[in-house]
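Chemist: One structure, pasted below without further comment.
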């Protein structure tokens, strides 16, 4: 689920009358977005498994799988736009790269796809179903017409090119920051068992027709039972990976929190996670922290979204403060995504009445030279 490519994926029990604390189950979902290949010898027809009522057939989806309909390509597969005028429907179809699996792995893969099909949240791209035969698998998603947040912030734009022009407004960016936080809080706290995305970044955040944020691409996600589970390989994208992940190989919800903090910094600054002008070996997190330490926090604000207006600057600095907390070096110092949602509610944009007058009230600065952040 990497930068620049648009793509459209607590257990509570009781034992002996006593509630068992929710734990994090580790279930490998890397294979989720890789093709099935069954050792049955002959080819079987395409089969459609739907997670909700669908008006179209697998044949109608397959008719759209052609080069002219490609809208994205990444490490896990090719994404097509499938338009079905007869049903007034447009869906995104990800055709997964092929990989051979044994019979046991096929059953596990299908159960994991079914798990993602049960995710229901306004800020999560909905998985509609999948079609497969003995050689290929294609996952069906809601189609997001405004492309990814990466494209809107850093170039490319959505289908109609509207996202990039609308996101010059701070309120739109704040709503995206809040929506992503709400989606991650749902994955971490309201799913049973919790889901850790592991590849949160602006290219995996899609924008719907109303510019609402939708978290997408769960190809690296893990459903967690054991906390701080060790993984065999580092997952994620450069500039978004939590610093401890590379040497501890431990994965929990705080790895997502760090990545979210980077996305929030992108929204506030308009900068990419890694840019040459940050300095050699530096990323956006280090660049922002250095400015805060030298009492120049306002220099990082994106002026194109109202950074010249005092009230907007205050709102942006509040969100920046949350982003800094999310990117704390030590995982335990990072807030939960549920706490992030609460903090962001306090930073909700406000607009002063045009008739308001008089001297401006003194406002306590969000960042001070004495501020210490973990």
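The values are calculated or read from the model by the stated rules, or taken from the named source; none is laboratory data. Quick caveat: nothing in here was measured; it's all calculated off a predicted structure. Don't worry about glycine lacking a Cβ; one is built from the backbone with ideal geometry, like all the others, and counts go over all protein chains shown.
Chemist: Of (1) surrounded by fewer than 24 Cβ atoms within 10 Å (Cβ to Cβ); (2) in contact with a helix residue (DSSP H, G or I) (Cβ under 8 Å, 6 or more places away or on another chain); (3) modelled with pLDDT of 90 or more, residue 245 satisfies all except one. Which?
Modeler: Failed condition: (3).
Chemist: Oh, and also: Checking residue 120 against (1) at pLDDT 80 or above; (2) closer than 22 Å to residue 202 by Cα; (3) touching a strand residue (DSSP E or B) at 6+ places or on another chain (Cβ under 8 Å), only one condition comes out false. Which one?
Modeler: Against the list (1) at pLDDT 80 or above; (2) closer than 22 Å to residue 202 by Cα; (3) touching a strand residue (DSSP E or B) at 6+ places or on another chain (Cβ under 8 Å), residue 120 comes up short only on (3).
Chemist: Could you tell me which numbered condition residue 305 fails, if it satisfies all but one of (1) closer than 23 Å to residue 206 by Cβ; (2) modelled with pLDDT of 95 or more?
Modeler: (2)
Chemist: Mind listing whichever residues of the stretch 180-193 are touching a strand residue (DSSP E or B) at 6+ places or on another chain (Cβ under 6 Å) and either at positive phi or surrounded by 24 or more Cβ atoms within 10 Å (Cβ to Cβ) (or both)?
Modeler: Matches in the stretch 180-193: 180, 183, 187.
Chemist: Oh, and also: Scan the stretch 324-344 for residues that are assigned to a helix (DSSP H, G or I) and over 16 Å from residue 241 (Cβ atoms) and jot them down.
Modeler: 324, 325, 332, 333, 337, 338, 339, 340, 341, 342, 343, 344
Chemist: Name, by its number, the condition in (1) more than 16 Å from the chain's Cα centre (by Cα); (2) buried (at least 24 other Cβ atoms within 10 Å of the Cβ); (3) at pLDDT below 95 that does not hold for residue 204.
Modeler: If we test residue 204 against (1) more than 16 Å from the chain's Cα centre (by Cα); (2) buried (at least 24 other Cβ atoms within 10 Å of the Cβ); (3) at pLDDT below 95, just (1) comes out false.
Chemist: Which of (1) crowded, with 17+ Cβ neighbours inside 10 Å; (2) in a helix (DSSP H, G or I); (3) at pLDDT 95 or above does residue 286 not meet, given it meets every other one?
Modeler: Tallying (1) crowded, with 17+ Cβ neighbours inside 10 Å; (2) in a helix (DSSP H, G or I); (3) at pLDDT 95 or above, residue 286 fails exactly one: (1).
Chemist: Based on this model, can you work out whether residue 328 counts as buried (at least 16 other Cβ atoms within 10 Å of the Cβ) and within 16 Å of residue 175 (Cα to Cα)?
Modeler: No.
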